[in-house]
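Visitor: Provided herewith is a single structure, encoded as structure tokens, for subsequent inquiry.
The values are calculated or read from the model by the stated rules, or taken from the named source; none is laboratory data. In this text, all values refer to a predicted model and were calculated from it rather than measured experimentally. As a convention, Cβ positions derive from the backbone with ideal geometry for all residues, glycine included, and neighbour counts pool all protein chains shown. Accessible surface is based on the protein model in full, side chains and every heavy atom, while ligands, DNA and RNA are left aside. Shrake-Rupley method; radii C 1.70, N 1.55, O 1.52, S 1.80 Å.
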Amino acid sequence: MSVPRTNIVLIGFMGSGKSSVGRRIAAQLGFQFVDTDALLVEREGREIAEIFASEGEDHFRDLESAMLEALATRTGCVISTGGGVILREKNRALLRQLGLVVWLTASEDTIFARVSRTNKRPLLQTANPRATVTELFAARRPLYEAAAQFTLDTTAFSHAQAAAAVIAEARRVFSWDTAG
Ligand code: S3P
């Protein structure tokens, strides 16, 4: 399959599996895997928690938006984004321009179990992270819904199953007719 002039863009709450599933999709399609958070950390030379702590969330959001703009010329990528990328309307429009926007979601319990494995996420360093997940998820759900063209609930899925489902949707949407 020749590399198409588009991308697959994964959005979703922290712990929804964007990076793990994204890597698999990219490997299977021969696409390049791009993780906006990892790129940002590499370019800034600092962890996300450090950026939040020293310059605040707004500054992080500016960097995140600039990163999406910088990706506008890329094609043939699976782009995994940070969970809050949908907060800005401008970003939601940019995501659509990048390619097929897929919302990976899962039950709150599943998400909480996954995010509890690390303490790297500044927004969840609260007195009651489980309640924070519920609050943030409720506030963001409509924004993920608005941004997404395809939604996949991965609660009962392995990464391999989730990747297969996204690839099947991409094949349908882009009318790819050959095996990747
Ligand atoms: C954030 C999610 C994180 C990272 C930052 C903010 C959010 O990415 O961008 O900590 O606002 O939900 P992951 O979704 O990859 O954890």
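Visitor: Quick one: net charge of PHE31's neighbours, Cβ under 14 Å, K/R +1, D/E -1?
Guide: Working: positive: ARG5, ARG23, ARG24, ARG74, ARG171; negative: ASP35.
Around PHE31, the surrounding residues sum to +4.
Visitor: Starting from one equal scatterer on each C-alpha and no solvent at all, send me the Debye-based log10 I(q)/I(0) for region 59-157 at q = 0.11 Å⁻¹, two decimals.
Guide: -0.36
Visitor: Taking only C-alpha pairs under 8 Å that are 6+ residues apart, what is the relative contact order of the chain in percent? Spell out each step's value before the answer.
Guide: On the way: 261 pairs, mean separation 61.9, N = 180.
Contact order relative to length: 34 percent.
Visitor: In nm, what is the difference between 0.36 nm times the number of residues separating GLU47 and HIS159 and their Cα-Cα distance? Write out the running numbers ahead of the final one.
Guide: Values: separation 112, 0.36 × 112 = 40.32 nm, distance 2.55 nm.
This chain segment gains 37.8 nm when fully extended.
Visitor: THR154's amide H: which non-local residues (gap 5+, or another chain) put their own amide H closer than 5 Å, with H modeled 1.01 Å from N in plane and none for Pro or chain starts?
Guide: Under 5 Å from the amide H of THR154 lie the amide H atoms of THR105, ALA106, each far enough along the sequence or on another chain.
Visitor: Just to make sure I understand: if all protein chains stay in place, what is the order of LEU95, LEU39 by accessible area at 1.4 Å, largest first?
Guide: Numbers: LEU95 0, LEU39 35 Å².
Largest accessible area first, the list is LEU39, LEU95.
Visitor: Within the chain, what percent of beta bridges assigned by DSSP are antiparallel, to the nearest 5?
Guide: Values: 0 of 16 bridges.
Looking only at bridges with both residues in the chain, the antiparallel portion is about 0 percent.
Visitor: Once you have all Cα-Cα distances for region 7-174, histogram them in 10 Å bins from zero and send the whole-percent values.
Guide: The distribution over region 7-174 is 10, 41, 39, 10, 0, given as percents.
Visitor: Please give the FRET efficiency for ARG172 paired with ALA93, using the beta carbon to beta carbon distance and R0 = 22 Å, rounded to the nearest 0.05. Show your work: numbers first, answer last.
Guide: Values: r = 24 Å, r/R0 = 1.07.
That pair, ARG172 with ALA93, gives E of 0.40.
Visitor: About the Cα centre, and with charges only on the beta carbon of Lys, Arg (+1) and Asp, Glu (-1), how big is the dipole of the chain? Nearest 20 debye, please. Please report the intermediate quantities before stating the final value.
Guide: Numbers: 21 positive and 20 negative charges, 94 e Å.
Result for the chain is approximately 460 debye, rounded to the nearest 20.
Visitor: Tell me, what is the per residue accessible area of region 109-180 in Å², probe radius 1.4 Å?
Guide: Details: 4160 Å² over 72 residues.
That works out to 58 Å² for each residue.
Visitor: Net charge within 12 Å of GLY56 by Cβ-Cβ distance, Lys/Arg positive one each and Asp/Glu negative one each, not counting GLY56 itself?
Guide: Numbers: positive: ARG61; negative: GLU50, GLU55, GLU57, ASP58, ASP62.
Here the count lands on -4.
Visitor: Could you order SER158, SER80 so the one with the most accessible surface comes first? Probe is 1.4 Å.
Guide: Numbers: SER158 50, SER80 0 Å².
Descending accessible area places them as SER158, SER80.
Visitor: Can you find, among ALA72, ALA164, ILE51, the residue farthest towards the positive end of the dipole of the chain? Put +1 on the C-beta of Lys and Arg, -1 on that of Asp and Glu.
Guide: Value computed over the given set: ALA164.
Visitor: Multiplying the sequence separation of LEU39 and ARG114 by 0.36 nm and subtracting their Cα-Cα distance, what value in nm do you get? Don't jump to the answer; show the numbers that get you there.
Guide: Working: separation 75, 0.36 × 75 = 27.00 nm, distance 2.19 nm.
Full extension from LEU39 to ARG114 adds 24.8 nm.
Visitor: How many nm is it between the label spots at ARG61 and ALA146, if each spot is 7 Å from the Cα in line with the beta carbon?
Guide: 1.2
Visitor: Where in the chain are the helices, taken as whole DSSP H runs, whose Cα atoms extend 15 angstrom or more along the long axis and whose Kyte-Doolittle mean reaches at least -0.5? Provide the component values of the computation, followed by the final result.
Guide: On the way: long enough: 18-29 (16 Å, -0.19); 57-70 (20 Å, -0.72); 129-147 (25 Å, -0.15); 159-174 (22 Å, 0.57).
Counting only whole DSSP H runs, the qualifying helices are 18-29, 129-147, 159-174.
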